Amino acid sequence: MNRFRSSAFVLAALTAFPILAAPVDQAQSIQKKTNQASVRSQKVIDKSASASIELKASIERLREEVNNLEVYRHHLKTLIDSQNQEMDSLAQQISNIKETRQGIVPLMYHMIDGLKQIIAQDKPIKLTQRRERVEKLTALMGRADVSEAEKYRRILEAYQIEMDYGNKIATYQDEITTSDDVTREVDILYIGRLSLIARSLNHQAYWMWDMQSHQWINGDTAQLTRINQAFDLANQHIAPTLLDVPVSLAVTEAK
């Protein structure tokens, strides 16, 4: 009897096992699907988080660009305001120039005439160059392609050159006609406007400009040593030293 019961229990257990296995398989399948769904959800979450980070970074970049554009806009506004002020200033200057042009043009002609008088009454220091400079200025006044400002600048430059002749000690070569009507090639020394001396190329004779007669007159050969020393000083062949040379002054200048 007991043996029969044991066999029946085993048979019942074997019969019930397939019935119990089905729910387990279903549970495992559900768990697997749940895990797969969780993985997919996590991927979606990760992707969304990455997209959110990128979006935030893009927003920050756009915000920085907006700030930069605002700074640049302010910069452009400042430039435009400055340009408008400059245009207003130029317009005023043009208006002033139109008003003063009628006065400045005659002034420039008077200044050129003044240069002519200075050269005519002065010692003949680089006389050819000075006359040519005045002729060029006179021709320049008739040119429409040169501004009034440039013409005025050239005239002032010529006056500055004239002033420099009175402050320099220098030499140059030129031709002179002496009081005996002989044309000679000479070295010429000028010490400001105090002294104008011509020396022969062989250093054996010299002539002085006489303001009374407006002629080159023979110099005393006894002073040749001092004259040669003055030429050497002007040419920077010797160290600076005191000079003892004749002066070329008119009687009124000497007083």
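Bear in mind these aren't lab numbers, they're just calculated from the coordinates by the rules spelled out. Keep in mind that what you see is a predicted model, and the values were worked out from it rather than measured. Ideal geometry is used to build each Cβ from the backbone, glycine not excepted, and the neighbour counts take in all protein chains shown.
In this simple spin-label model, placing a label point 7 Å from the Cα along the Cα-to-Cβ direction at both residue 66 and residue 138 gives a separation of 7.4 nm. The C-alpha atoms of the chain define a longest principal axis, and helix 148-165 lies at about 50 degrees to it. Note on region 131-177 and region 181-243: Cα centroid distance 25 Å, given to the nearest whole angstrom. Taking the C-alpha atoms only, the angle from helix 2-121 to the longest principal axis of the chain is near 10 degrees.
Against the main long axis of the alpha-carbon atoms of the chain, helix 127-141 sits at an angle near 50°.
Simple spin-label estimate for residue 74 and residue 214 gives 7.3 nm between the two label positions (7 Å along the Cα-to-Cβ direction from each Cα). Taking the dipole about the Cα centre of the chain, with the C-beta of Lys and Arg at +1 and of Asp and Glu at -1, give me whichever of 83, 214, 159 is farthest to the positive side. The listed residue farthest towards the positive side: 83. How large is log10 I(q)/I(0) at q = 0.11, 0.19 Å⁻¹ when the Debye formula is applied to the Cα atoms of region 131-255, each weighted equally and without solvent? For region 131-255, the Cα-only Debye profile gives -0.50, -1.06. Taking the Cα atoms of region 100-163, the ratio Rg/Rh between the radius of gyration and the Kirkwood radius comes to 0.97. Full extension of the chain between residue 40 and residue 159 yields a length gain of 33.4 nm, computed as 0.36 nm times the residue separation minus the alpha carbon distance.
Electrostatic bookkeeping for residue 103 treats Lys and Arg as +1 and Asp and Glu as -1; over the other residues with beta carbon under 15 Å from its beta carbon, the sum is +1.
Taking the Kirkwood radius as Rh and the Cα radius of gyration as Rg, the chain has a ratio of Rg/Rh equal to 1.85.
Highest GNM mean-square fluctuation among 92, 229, 28, for the chain modelled with Cα contacts below 10 Å: 28. For region 91-152, applying the loop criterion from DSSP together with a ceiling of 15 other beta carbons within 10 Å to the trypsin sites (Lys or Arg not before Pro) yields 143.
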